[in-house]
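The values are calculated or read from the model by the stated rules, or taken from the named source; none is laboratory data. What you see is a predicted model; the values in this text were computed from it and never measured. No Cβ is skipped: glycine too gets one built from the backbone with ideal geometry, and neighbour counts run over all protein chains shown. Remember, those area values only see protein heavy atoms, side chains included, never the ligands or the DNA or RNA. Shrake-Rupley method; radii C 1.70, N 1.55, O 1.52, S 1.80 Å.
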Amino acid sequence: MLKKLALEYHAQGRPGKIEVIPTKPTATQQDLSLAYTPGVAEPCLRIHDNPEDVYKYTAKGNLVAVISNGTAVLGLGDIGTEAGKPVMEGKGVLFKIFADIDVFDIEINEKDPKKIIEIVKAIAPTFGGINLEDIKAPECFEIEDRLKECLDIPLMHDDQHGTAIITSGAMLNALEITGKKIEEIRIVVNGAGAAAISCTKLYIKLGVNPENIIMLDSKGVLHQNRTDLNPIKRQFATSKNISNLREAIAGADMFLGLSVAGQVDQDMIRSMAANPIVFALANPFPEITYEDATSARKDIIMATGRSDYPNQVNNVLGFPFIFRGALDVRATKINDEMKLAAAYALAELAKLPVPEEVNLAYHTNNLKFGKDYIIPKPCDPRLISTIPVAVAQAAMDSGIACMPIRDWGLYKEELSRRLGVGIPLIRQIKAKAKAQPQKVVFAEAENFKILKAAEIVQSEGIACPILLGNKDLIIQIISDNDLSLEGVEIIDPKSKKEESRLRKFAEIYFEKRQRKGVTLQSALDTMHHRNYFGPMLVETCKADAMISGLTRNYPDTIRPTLEIIGKHPGAHVVSGMYIINTKKGPFFFADTTVNHHPDTQTIVEITLQTYEAVKKFGILPRIALLSYSNFGSVKGEAPLKMRDAVAILHRDYPHIVVDGDIQANFALNEEMLKESFPFSKLIGGKANTLIFPFLSASNIAYKLMQEMAGMEAIGPILNGLNKSVHILQMGASVTEIVNMVTIAVIYAQSGNKQQTKLLNDCLLATDQE
């Protein structure tokens, strides 16, 4: 299953995982003449006169090269440059999403260290930093050391130093928990490759006594009597009378495994000192399994490289943020002081209260500092504003920063703003969905895209699919396309097996609609249709949510839902919302799909529904009621009703940040707003929630954003329904379907009751009027 999904992921659409996107306008002939000849000559001449201006006029300052020769790729070994390229592209993706750093991946078909050094040296002027990756030991040591001597930009071999930094932070916290002193602990290191050597060197800089370290390679203990040790390994050779791992680990305080699976057994763990620290980091299978280690010793503190156990040592905790800090001060290198600063910052961050989205991502209520939480989680949003700051400060303190930071408060704000790229909304909501998967009806399961989306949400643990349609046809499509949907429930409303349930559903529907022209016989006929049968499964609690609409127009799909599920008891209307995911963060558009010409009170209700919906995603709504006017500057129906709606909202809900009528450009540009309308409640940040005066305006707006700007549109999300049912866009992609299933799960988790006391109060006030 994983193999198939991984291959599809890399091959679908544009092959690979990265692309180059222009950052300046290119629409006109003048744009092109500025981008290239003749305009490009001006920055060229400026840089010629002052080489430092290359950081002002080019992307160099935010561009890192991920360079490999493919000789030590992950756990795959020497597989070559082309086979290693997916890993290097993946590294580039991590740089971008976690720290907003651009990457060119460069695979060098060369094994001679001297030639690699010359190649990297020759191309270095292109980049603001260099990340060496997956180069085998001992060549990697020579390559890194020589390049650091001759280059004046940050450079790091992540295989060495990434693991060293993360485990150092973890070790510091493990020692604090156990009360052990770093200068007294005994450490056994199993493995003598690049990561093991670098870890050991950094532990010594932290205060570990070199005499208390025993290191082993595949041939045994690194002993002074051995004649096969290269100079790198020889510096860690011991004179102690120890010949194997079992002897070495007896009485040890800490074990660091960077070798292969199965090297350690339970008896070895039992032989360690009290409160042993075990970092078994062989991937994907550690030197001893988490279950075996923790059952052998209850007092153990254990870390692995796996995400499904506590204390995952993941290099993504380090390299994006270390390079971020180094680039931001234009450090001439990445030195030991910066590595140590990163380690200490990681250790301190783990001691702070954990954000809610991190708890949700790991299906727990309250992660807290202790033996099962000694290092932060990779999804912690505070990493971007913590590690780079520590690294930048260390670079400045050690005298290698060419552009010192003057305003640390402003710098931290700039780092936090990168979260629009670093932690996209969809990753957060998927984490929330996975915390409590729900049963979701796929009403159009006789379609490959629907089945593919079902496969994905099941494999990722987002939802438990229920497939509606002809069972034989669905099974055939699954088989023809080699989909993995074993055990998924398939319901055919037209089958004899469902006759009893269908009749029951028809009776319920007849009771709901008997005074609106529906007979019992017509109800029976109607229930054969999946868009009626599906909502009834949700209405009768046989499922938690439903999605439909891929192959039918919107009115035909939403009508059965309104008839069966209906509005929430506190709602007068149902409204539609789209999430527009941008590099600046998500924006929420409403009403995009339901109310054609909403009056003032409907605008108020749509605003309150959207306010509650946006809060579901952990975002504080800043709401603009849009029109073609700014605070009464133009007369007309739209400005008037938006102004009247704002007056009601200001009067009854003063805690909500909302204003209007206002034009979209002023709502989204705080500088313009502050200059022209300093009284606006939106001062203090741009609007992120946009309420439109008519459905036509909102529908056109989101589709323009989606098609012309290439932005991700998630929706339509229905607010105001009594239960979680959502309608797909006709022709939606698999990714869009998966996103909508995720939204449906989140709404089902909360019972889809977005009309809270806030909305009920509004409606009560309306009724009284």
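With a cap of 11 neighbouring Cβ atoms within 10 Å, and only residues DSSP puts in a loop, list the chymotrypsin sites (Phe, Trp or Tyr not before Pro) found in the range 642-751.
Hits after loop and neighbour filter: PHE679.
Please report, largest first and rounded to whole Å, the three semi-axes of the ellipsoid equivalent to the range 673-746, where each semi-axis is the square root of five times an eigenvalue of the C-alpha gyration tensor.
Values: eigenvalues 166, 53, 31 Å².
So the three semi-axes of the range 673-746 are 29, 16, 12 Å.
Helix 2-11 and the long axis of the chain differ in direction by around 80°, with both axes built from C-alpha atoms.
Quick one: compute the contact order of the range 72-185, relative version, from alpha carbon pairs under 8 angstrom and 6+ residues apart, as a percent.
Working: 79 pairs, mean separation 23.1, N = 114.
Computed value for the range 72-185: 20 percent relative contact order.
Just check the range 529-633 against the gyration tensor rule for me: Cα atoms, a ≥ b ≥ c as the square roots of the eigenvalues, rounded for a/c under 1.5, and otherwise prolate or oblate depending on whether a/b exceeds b/c. Judged from the Cα gyration tensor, the range 529-633 comes out prolate (a/c at least 1.5, a/b above b/c).
Only Cα pairs under 8 Å and 6+ residues apart enter the sum, and on that basis the relative contact order of the range 331-380 stands at 39 percent. A Förster distance of 56 Å, applied to the separation of the beta-carbon atoms of LYS115 and ILE683, puts the FRET efficiency at 0.40. In the chain, carbon and sulfur make up what percent of the accessible area (probe 1.4 Å)? Answer for the chain: carbon and sulfur cover 53 percent of the accessible area.
Taking a straight line from the alpha carbon of LYS180, these lysines sit under 27 Å away, with near neighbours fewer than eight places off in the same chain left out: LYS201, LYS205, LYS240, LYS298, LYS339, LYS351, LYS368, LYS371, LYS377.
Can you put LYS91, LYS298, LYS583, LYS430 in order of accessible area, largest first, using a 1.4 Å probe? All intermediate terms of the calculation are to be shown ahead of the outcome.
Working: LYS91 15, LYS298 160, LYS583 135, LYS430 45 Å².
Result of the area sort, largest leading: LYS298, LYS583, LYS430, LYS91.
Using the 1.4 Å probe convention, the accessible area of the chain works out to 44 Å² per residue with neighbouring protein chains retained.
Here is the link list: LYS471/LYS512; LYS496/LYS542; LYS641/LYS686; LYS432/LYS681. Which ones come out longer than 25 Å on Cα distance? The partial results should precede the final answer.
On the way: LYS471/LYS512 29 Å; LYS496/LYS542 19 Å; LYS641/LYS686 22 Å; LYS432/LYS681 31 Å.
Over 25 Å Cα-Cα: LYS471/LYS512; LYS432/LYS681.
Given their separation in residues at 0.36 nm each and the Cα-Cα distance between them, LYS351 and ARG382 gain 9.9 nm when the chain is fully extended. Please say if the range 287-396 is rounded, prolate or oblate, where rounded means a/c under 1.5 for a ≥ b ≥ c the square roots of the C-alpha gyration tensor eigenvalues, and otherwise the choice is prolate for a/b larger than b/c and oblate otherwise? Since a/c reaches 1.5 and a/b is larger than b/c, the shape of the range 287-396 is classed as prolate.
Would you mind putting 127-135, 283-291 in packing order, based on average other-beta-carbon counts within 10 Å, highest first? Don't skip to the end; give the middle numbers.
Details: 127-135: 26.8, 283-291: 18.3.
Descending mean neighbour count gives 127-135, 283-291.
In nm, give the distance between the simple-model label positions of HIS597 and SER500, each being 7 Å from the Cα along the Cα-to-Cβ direction. That separation, rounded to one decimal, is 5.2 nm.
Per the Debye formula with a single identical scatterer at each Cα and no solvent contribution, what log10 I(q)/I(0) holds for the chain at q = 0.07, 0.09 Å⁻¹? The computed values of log10 I(q)/I(0) come out as -0.63, -0.98.
For the pair LYS24 and SER696, label points projected 7 Å from Cα toward Cβ lie 4.0 nm apart.
What net charge is computed for the residues neighbouring ILE300, neighbours being all others with C-beta under 12 Å from the C-beta of ILE300, Lys and Arg scored +1, Asp and Glu -1? So the surrounding residues net to -1. Counting only residues at least eight positions apart within a chain, or on another chain, the aspartates and glutamates with an alpha carbon under 20 Å from that of LYS494 are GLU444, GLU446, ASP472, GLU507, ASP525, GLU539, ASP556.
Using equal-weight Cα scatterers in the Debye expression, the normalised intensity of the range 22-63 in log10 at q = 0.18, 0.22, 0.33 Å⁻¹ is -0.55, -0.76, -1.06.
Taking all protein chains as shown and a probe of 1.4 angstrom, LYS121 keeps an accessible surface of around 100 Å².
The aspartates and glutamates whose alpha-carbon is closer than 16 Å to the alpha-carbon of LYS674, local same-chain residues fewer than 8 away aside, are ASP659, ASP661.
Using only the Cα atoms of the range 1-154, build the gyration tensor, take square roots of its eigenvalues as a ≥ b ≥ c, and label the shape rounded, prolate or oblate: rounded if a/c is under 1.5, else prolate if a/b is larger than b/c, else oblate. Judged from the Cα gyration tensor, the range 1-154 comes out oblate (a/c at least 1.5, b/c at or above a/b). Taking a point 7 Å from the Cα of TYR9 along the Cα-to-Cβ direction, the residues of the range 73-110 with backbone N closer than 11 Å to it are 90.
Spatial offset of the range 638-713 relative to the range 256-271 amounts to 60 Å, using the alpha carbon center of each.
The label point for ILE108 and the one for ILE204, both projected 7 Å from the Cα toward the Cβ, are 2.6 nm apart.
The spacing between the range 488-548 and the range 1-55, judged by their C-alpha centroids, is 53 Å. Between GLN514 and HIS529, full extension at 0.36 nm per residue minus the direct alpha carbon distance yields a gain of 3.6 nm. Beyond 21 Å in Cα-Cα separation lie the following of the pairs LYS121/LYS148; LYS4/LYS85; LYS449/LYS497: LYS449/LYS497.
Applying 1/(1 + (r/R0)^6) with r as the Cβ-Cβ distance of ILE123 and SER307 and R0 = 22 angstrom yields a FRET efficiency of 0.05.
Across the range 647-683, the residues whose backbone nitrogen lies under 17 Å from the label position 7 Å along the beta-carbon direction of VAL634 are 660-668.
Using a 10 Å cut-off on Cβ atoms, rank the peptides 346-352, 383-389 from the highest mean neighbour count down. Numbers along the way, then the final one.
Numbers: 346-352: 19.3, 383-389: 24.1.
Descending mean neighbour count gives 383-389, 346-352.
Could you work out how far helix 336-349 tilts from the main Cα principal axis of the chain, as a 0 to 90 degree angle to the nearest 10? The helix 336-349 is inclined about 40 degrees to the chain.
Subtracting the Cα-Cα distance of CYS402 and ASP267 from 0.36 nm times their residue separation leaves 43.3 nm of extension gain.
Can you give me the relative contact order of the chain as a percent, contacts being Cα pairs under 8 Å and 6 or more apart? Relative contact order for the chain comes out at 9 percent.
Using a Förster radius of 30 Å, what is the FRET efficiency between ILE177 and GLU291 based on their Cβ-Cβ separation? Nearest 0.05, please. Plugging the Cβ-Cβ distance into 1/(1 + (r/R0)^6) gives 0.90. When the chymotrypsin sites (Phe, Trp or Tyr not before Pro) in the range 22-84 are filtered for DSSP coil states and for at most 14 other beta-carbon atoms within 10 Å of their beta-carbon, the remaining sites are TYR36. Accessible area of GLU142 (1.4 Å probe, protein heavy atoms only, ligands and nucleic acids ignored): about 70 Å².
Heavy-atom accessible area for ILE21, with the other protein chains in place and a 1.4 Å probe, reaches approximately 100 Å².
Between the DSSP loop rule and a limit of at most 12 other Cβ atoms within 10 Å, which GluC sites (Glu not before Pro) in the range 150-204 are left?
Working: sites: GLU176, GLU183, GLU184; in loops: GLU183, GLU184.
Sites meeting the loop and neighbour criteria: GLU183, GLU184.
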